[in-house]
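Below: one structure, written as structure tokens.
What follows draws every value from the coordinates through simple rules; no lab data is involved. What you see is a predicted model, and the numbers here were worked out from it, not measured in a lab. Methodologically, a virtual Cβ is constructed for each residue, glycine included, from the backbone with ideal geometry; neighbour enumeration extends over all protein chains shown.
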Amino acid sequence: MERKLTVEDARQSLSSHVAEKGLQAREKYGPHIGWKELRQIMDDRTLVRYPCEILFETGALLEGEFAHPVPNSDDPQDGFKIYVHPLFMTQLEEVPFLVLYQLVLVNYGEFACADDAETFAAAALGLDKEQYYHTICELADQLGGIEYR
């Protein structure tokens, strides 16, 4: 009898895939991924399915949000803008921590979850997920008390 794939099977498959893509990013552009390497990753269609540009603006961000991707149209082929809080313009070496997290949403849309984003970014940066999570929490904490708009 043929076994049917379950939602859990799909989740595990996606988790494995994002981890593999993160490792590929590290292998190709690491071991240190800074601003320059992030730009190269974003132009690599084997790692990022759709064109993306980074904008240091708060327009599309919710209060307390450090970054968020927004599609340019209903067709993902038209690309995305990844809004990053302007506070991080002066911390370009930290921006990969914020943007790599967002690339999972670009690549997989609503199928991706926070755990997938952490898995991808941690693998790309050569960190364990706990280290990565701690770092993005510290970066997000910098936004405490900042007024948006």
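Protection proxy ranking of 32-44, 76-88, 117-129, by the mean of other Cβ atoms within 10 Å over each peptide's residues and highest first, is 117-129, 76-88, 32-44.
Relative to its Kirkwood radius, the Cα radius of gyration of region 58-124 gives an Rg/Rh of 0.96. Modelled label positions at residue 13 and residue 57, each set 7 Å beyond Cα in the direction of Cβ, lie 3.8 nm from each other. In this Cβ point-charge picture (+1 for Lys and Arg, -1 for Asp and Glu), the chain has a dipole of about 400 debye about its Cα centre.
Pairs of Lys residues in the chain, spaced 8 or more positions apart or belonging to different chains, with C-alpha separations under 25 angstrom: 8 in total. Going through (1) 8.6; (2) 11.3; (3) 10.0, the figure that equals mean projected area of the Cα convex hull in nm² as computed for the structure here is (3). Each residue of region 54-69 was assigned a 3J(HN,Hα) from its phi angle through the Karplus expression (A = 6.51, B = -1.76, C = 1.60, θ = phi - 60°), giving 9, 10, 8, 9, 9, x, 9, 8, 7, 4, x, 8, 8, 6, 6, x Hz with x at Gly and Pro. How far, in degrees from 0 to 90, does helix 7-29 lean away from the longest principal axis of the Cα atoms of the chain, to the nearest 10? Value to nearest ten degrees: 60. How many nm is it between the label spots at residue 140 and residue 44, if each spot is 7 Å from the Cα in line with the beta carbon? Those two pseudo-labels are separated by 2.6 nm.
Nearest 0.05, what FRET efficiency do residue 70 and residue 5 give at R0 = 25 Å with Cβ-Cβ as r?
It comes to 0.20.
From its DSSP helices (H runs of at least four residues, each -39,500 (n - 2.57)), the chain gives a residue-normalised ellipticity at 222 nm of -15500 deg cm²/dmol.
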